[in-house]
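Encoded as structure tokens, the structure appears first; notes follow it.
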Amino acid sequence: MSGSLWRNRDFLVLWSGRTLSEVGDAVSLLVIPLLAVTVLDASAVEVGILSATRMVAYLFLSLPAGVWVDRMRKRRVMVICHLVRAGLVATVAVAAWTGWVTMAHLWIVALLSSVCTVLYETAHQSFLPAVVPGGQLLDANGKLATTYSVSQIAGYSAGGLLASALGVARTAGIDALAYLVNAVSLLFIRRAEEPPVATRRRDFRRELAEGLAFVFRHPIMPRLVAASASLNLFSQMIFALAVLYLVRDLHLSEQMVGLVLALTTLGGIGGGLLSARLARLVGTARIIWVAPLALGWTVLLVPAARPGWGPIAYAVGMAGLGALFAVYNAAAVSYRQGACPPELLGRMTASVRWVIFGVMPVGALTGGLLGDWLGVRPTLWIAAAGVWASGLWLYFSPLRLRRDVSDEATPPAVHAASPQPPAAPERVSIEPAGKATGGGRRA
């Protein structure tokens, strides 16, 4: 199929459903913590556990999810995941409406939703090439990334307004309906999906070990992983306490919480639009450590916020964090792609994401524990300083002496002891800040 994506009916159906799903995700990320804080009077530890359970599946499923999804029909996986998520959110709506909601219920819903998110995201990335010709994948991914940022603004704003006008129970019910509509919309895609290809048995553990070995034997990659993991760890401490901080320390209403969170996503949009230009200006390798050190200081505005003018400071600080991640992710993913042999690209990416996504629930739980022990604001000071210092992993590395990714020589491939068919390279796209975390999936 050739021509504009605007004439590709199947992509438009997939795109519109995805947009609705992204809005629903943003509403959930706002409404469920609001329910915990305003209805159940949750402590910082309880909110931290809630945030951690939303991401814990990344720690356990990131590596095997690709293997499982490749053995199934991708659209079927996506439909089932949305139906399950609709049912999970619906139970929250019913429990809140009847007065039977508990923190344990919210934790279970968050945990099962995280499993659906990992499987859905893996299936979606694999399903897109079945709908879009190879020459238009970049355009399609660009449209999906832009829509994601806009959906976050719409979701947070709508979630805050609906929660203020209708209450969190009814808002959760509307959110469940959004997932249901998206599941149904996938059934209207006409393009037939190729059935899973039966292949000879391969040694999963051996191939997985090759990817891990490449990452941790590379002269720079371990530093890159450490920097990304640090950014995710400390930023998740902030995201875990966000709603609690806005409601109890800055004294904002549900509507204002949604508005402030929507404003914070503007940094990701701006950073995404400028990332390529900044990389060319500063250097595609140098920008990887410049971004955290040059933009990370803005996060200090978050703990510095006070009632009155505080929402503006909070929004600016978190917008700076969004811009940091947008610029950093673009450069870091490009570096990983350029430094890795094609036959190891998929396994290298899975290995890196397992580490840097795996620290996210740890960061959320740590934020909750420290928030209960030291207080929310002191914990935010620690987290903000940690975000700013994350760039030091790369500043004190050989990467500081290189301007561009093209200066990096591609290392030799790591081969198995016996011949193995090459793994298909994973199509890695820049992952925008925000989604699975209440602030975002990090590259």
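The values are calculated or read from the model by the stated rules, or taken from the named source; none is laboratory data. The structure displayed is predicted, hence computed values, not measured ones. Note: ideal-geometry Cβ built from the backbone for every residue, glycine included; neighbour counts use all protein chains shown. Quick note on the areas: whole protein, heavy atoms, side chains included, nothing else; ligands and nucleic acids left out. Shrake-Rupley method; radii C 1.70, N 1.55, O 1.52, S 1.80 Å.
General remarks:
Results for (1) crowded, with 24+ Cβ neighbours inside 10 Å; (2) at pLDDT below 95; (3) farther than 18 Å from MET360 by Cβ, shown as yes or no for each residue.
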| position | (1), (2), (3) |
| --- | --- |
| LEU252 | no, yes, yes |
| VAL257 | yes, yes, yes |
| LEU266 | no, yes, yes |
| ILE269 | no, yes, yes |
| LEU274 | no, yes, yes |
| ALA279 | no, yes, yes |
| LEU301 | no, no, yes |
| ALA304 | no, no, yes |
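- Considering ARG336, ARG277, ARG306, the condition of being part of a loop (DSSP other than H, G, I, E, B), out of contact with any Gly (no Cβ under 7 Å at 6 or more places or on another chain) and among the charged types (D, E, K, R) is satisfied by ARG306 alone.
- Filter pass, THR366 being open to solvent by 10 Å² or more (accessible area, probe 1.4 Å) and either in contact with a Gly (Cβ under 8 Å, 6 or more places away or on another chain) or part of a loop (DSSP other than H, G, I, E, B) (or both): yes
- GLN236 meets all of the listed conditions (1) surrounded by 12 or more Cβ atoms within 10 Å (Cβ to Cβ); (2) modelled with pLDDT under 85; (3) assigned to a helix (DSSP H, G or I) but one, namely (2).
- Residue match in the range 346-359 (condition: modelled with pLDDT of 90 or more, assigned to a helix (DSSP H, G or I) and surrounded by fewer than 19 Cβ atoms within 10 Å (Cβ to Cβ)): no
- Selection count, the range 316-333, where residues are among the small types (Gly, Ala, Ser) and either at pLDDT below 90 or outside any helix (DSSP H, G or I) (or both): 6
- Restricting attention to the range 239-271 and to residues that are among the hydroxyl-bearing types (Ser, Thr, Tyr) and in a helix (DSSP H, G or I), the residue that is farthest from VAL39 (Cα to Cα) turns out to be THR264.
- Top-ranked residue in the range 164-222 [being within 24 Å of TRP68 (Cα to Cα) and among the hydroxyl-bearing types (Ser, Thr, Tyr); ranked as modelled with the lowest pLDDT]: THR199
- Among the residues of the range 285-299, those identified as buried (at least 23 other Cβ atoms within 10 Å of the Cβ) and of a type outside the set (Phe, Trp, Tyr) are ALA285, ILE287, ILE288, ALA291, PRO292, LEU295, GLY296, VAL299.
- Hits in the range 127-149 (condition: more than 15 Å from the chain's Cα centre (by Cα), at pLDDT 70 or above and part of a helix (DSSP H, G or I)): PHE127, LEU128, PRO129, ALA130, VAL131, ALA140, LYS143
- Restricting attention to the range 6-36 and to residues that are out of contact with any His (no Cβ under 8 Å at 6 or more places or on another chain) and of a type in the set (Lys, Arg), the residue that is surrounded by the most Cβ atoms within 10 Å (Cβ to Cβ) turns out to be ARG9.
- Near pairs, Cβ below 9 angstrom, 6+ apart or cross-chain, from the range 1-12 (within 14 Å of LYS143 (Cα to Cα) and among the aliphatic types (A, V, I, L, M)) to any residue that is modelled with pLDDT under 80 and part of a helix (DSSP H, G or I): LEU5/GLN136; LEU5/ASP139; LEU5/ALA140; LEU5/LYS143; LEU12/LEU5
- Boolean, TRP107 is under 21 Å from the mean Cα position of the chain (by Cα), modelled with pLDDT of 90 or more and either within 25 Å of GLY268 (Cα to Cα) or among the aromatic types (Phe, Trp, Tyr) (or both): yes
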